[in-house]
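S.K.: Sending over a structure as structure tokens; questions will come in a sec.
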């Protein structure tokens, strides 16, 4: 297997997910920092578009091959490095874990990522208060459903009981962002408990934005 390289940005929650997965599986990687604010957004420049035409992070490089989309990257890591596993035992439980991860990655995060928030302000003229209201609304709607799912699953301390899964890997960065944007989380005790359990683990802490060398004062 060729050495892994990760195109990443400290505050990208999608890149954060992949950093967690790499850390959890004990895989070393060479980081390539792509600042989403500096230089008008380094991800928008031709050099990076040649790597990822979507102009998004993360992107995983292995030799001459590049894989994009965080969930696809995590699935690839799971298939190529199955231990420690990030999908629970049993076909149904694995499907449930993927579904919970998708609820964050496909439903919550796309509405609240940097390019959407910028579009709201720069093209639609939404003020700071309106942007905040938008962010809080979609966090609240998404977390209500996830909190219900977690209550139905029962147990703990993680989403699917005593072992970390892809659901925890994807949920943790979204909670981090919700806290960063001062979203009220009092009505989501199960989500908060999962977040605290995950952040007690070194692979999660070491993947956090403030633990990255490119962490400074990005927007």
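The values are calculated or read from the model by the stated rules, or taken from the named source; none is laboratory data. None of the values given here were measured: they were computed from a predicted structure. Because the Cβ atoms are built from the backbone with ideal geometry, glycine has one as well, and the counts that use them run over all protein chains shown.
S.K.: Touching a strand residue (DSSP E or B) at 6+ places or on another chain (Cβ under 9 Å) and not in a helix (DSSP H, G or I): is that true of residue 93 in this structure?
M.R.: Criteria not met by residue 93.
S.K.: Look through 164, 175 and report the one residue that is touching a strand residue (DSSP E or B) at 6+ places or on another chain (Cβ under 7 Å), within 19 Å of residue 21 (Cβ to Cβ) and either surrounded by 17 or more Cβ atoms within 10 Å (Cβ to Cβ) or outside the structural domain of residue 16 (by TED's automatic domain parsing) (or both).
M.R.: Every option except 164 fails the conditions.
S.K.: Another question, then. Which ones in segment 33-62 are under 17 Å from residue 10 (Cα atoms), outside any helix (DSSP H, G or I) and over 17 Å from the mean Cα position of the chain (by Cα)?
M.R.: Answer for segment 33-62, where residues must be under 17 Å from residue 10 (Cα atoms), outside any helix (DSSP H, G or I) and over 17 Å from the mean Cα position of the chain (by Cα): 37, 41.
S.K.: Separate question: What do you reckon, is residue 111 outside the structural domain of residue 49 (by TED's automatic domain parsing) and at pLDDT 95 or above?
M.R.: It is true that residue 111 is outside the structural domain of residue 49 (by TED's automatic domain parsing) and at pLDDT 95 or above.
S.K.: Kindly indicate the residue of segment 197-219 that is at pLDDT 95 or above and exposed (fewer than 12 other Cβ atoms within 10 Å of the Cβ) and also nearest to residue 84 (Cα to Cα) among those meeting that condition.
M.R.: 202
S.K.: While we're looking at this one, here's another question. Considering only residues that are under 16 Å from residue 214 (Cα atoms) and part of a helix (DSSP H, G or I), which ones fall in segment 1-17? Spell out the reasoning first.
M.R.: Taking segment 1-17 first, the residues under 16 Å from residue 214 (Cα atoms) are 5-16.
Scanning segment 1-17 gives 13, 14, 15, 16.
S.K.: Check whether at least one residue in segment 103-122 is more than 19 Å from the chain's Cα centre (by Cα), surrounded by 15 or more Cβ atoms within 10 Å (Cβ to Cβ) and not in a helix (DSSP H, G or I), and report yes or no.
M.R.: no
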